[in-house]
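What follows is a short report on a single structure.
Computed from the coordinates by the stated procedures, all read-outs in this text should not be read as laboratory data. This is a predicted model, so every value here is computed, not measured. Positions of Cβ are generated from backbone atoms using ideal geometry, with glycine treated the same way; all protein chains shown enter the neighbour counts.
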Amino acid sequence: MDAGGIAMKLGSCLTAVAMVAALGGCAPQSQRPAIESEAVKAEELEQKKLVIKTMLDQRDLLYRISYRLAKAGADLCGDQITWSLGFLTLGREDGAETDHPTLAALFPDLGNNPIVSYIPPDSVAAAAGLRKGDEVILVGEGGVEPNRYLAANIGLRLTTTDNNPVKLKIRRNGTPLDIAVTPARSCNYPAGITSESVVNAFADGRGVYIAKGMMDFVRTDEELALVTGHELAHNFRKHRDAKQGNAVAGQVAGTILDILVAVAGVNTGGAFGKAGAQLAGNANSVEFEGEADYAGLYVMARAGYAIDDAPTFWRRMGANNPNAISHATTHPATAERFVALNAAIKEIKTKQQSGAPLVPNEKPKEAAPQPLPGEPPLGVTP
Ligand SMILES: [Zn+2]
């Protein structure tokens with residue numbers, strides 16, 4: 001068939017399609033097994049359940065890491081302190097963005113009261129004897145803040161304002177029980193997961209936000225602790241305030257701070273993209289990132305995580321973003337981050353061996369300028 005013939009054939013096919021495919025000659029010709037629409041509906045529910053299960057698994061993983069880091073880093077967080085009860089709940093009505101019919105199908109026993117849905121093994125709630133599945137009837141007598149778990153998540157995390165034990169009324173297998181939890185002193189920078197698929201994370205001076213893409217990317221607790229510790233450090237080193245001070249008034253007001261891999265040419269989209277555009281060219285960005293890597297590693301070490309393999313995370317990030325290996329933008333290049341982290345590990349290990357406190361080193365305060373010999377003291381005109 002020549003080109004004209006093909007065009008004619010195509011033309012007649014298209015006409016046929018336009019005429020509601022009366023001929024059927026353009027449709028696929030395989031005879032496939034018939035499927036039941038009921039089976040498709042059932043599978044739809046299974047896949048929706050998997051969305052919620054994944055969301056809960058990632059929420060629990062991030063809480064396990066961030067709880068431990070926030071507790072171990074409390075001494076570095078200045079006056080940004082909260083008292084954590086160390087567990088997460090799940091309720092029938094949880095989360096505005098939650099698919100409630102699927103949640104009900106996944107947890108048919110979920111009643112009016114929330115249940116204890118996750119307890120990190122090293123948490124104060126675990127130590128007090130709270131168990132997963134306990135129905136929470138009443139928490140404390142005031143002062144306890146039920147904080148909606150951050151962005152795109154379901155459930156509550158509970159904090160209080162001081163170290164007084166908090167009485168919980170719970171029901172376990174139908175039996176009412178009283179449990180007192182002594183809260184843990186922690187950094188008041190809660191962590192949550194955002195729905196973006198980009199491999200990224202950020203801090204805004206109040207919290208730590210890990211994109212779903214990063215949750216999917218990390219392979220170990222240590223990798224997530226590295227990322228979370230980095231963002232925590234941005235917060236407690238007050239980088240957002242410093243950046244706003246550096247910028248032309250109003251230029252970065254209200255922006256999200258961090259972009260882990262703000263590499264030229266990578267379209268991160270959404271909030272990350274906007275923040276990247278606004279932060280590009282911002283003074284001291286690379287230094288702030290280096291400091292967040294450095295101070296974040298200290299938090300990780302304080303929390304008792306193995307830090308030896310931490311730099312390999314930057315190898316994996318480099319492999320994931322080849323442009324970032326040697327090209328620094330608002331962030332140091334991944335090769336530099338790898339080498340800098342190795343140097344920080346050496347410093348931390350020396351302190352661990354000598355029993356010195358695990359606190360990041362500070363630059364010596366600049367001494368007041370001294371007049372050179374033979375020069376008059378500053379401010380005095382001869
Ligand atoms: Zn950063």
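Observations
- Residue pairs exceeding 29 angstrom between C-alpha atoms, taken from K49/K238; K41/K169; K71/K349: K49/K238; K41/K169.
- Cα→Cβ-extended label distance, 7 Å offset, between N113 and N323, nm: 5.3 nm
- Calculated FRET efficiency for the pair K48/A242, C-beta based, R₀ 45 Å, to 0.05: 0.55
- Extension gain from L138 to K346, taking 0.36 nm per residue of separation minus the Cα-Cα distance: 70.1 nm
- Between A180 and V40, the simple spin-label model (points 7 angstrom out along Cα→Cβ) gives 6.0 nm.
- Contour excess over end-to-end distance, with Cα ends at A356 and A104 and 0.36 nm allotted per residue: 85.5 nm
- Each residue, I81 and Q29, gets one label point 7 Å from its Cα in the Cβ direction; the gap between the two is 7.9 nm.
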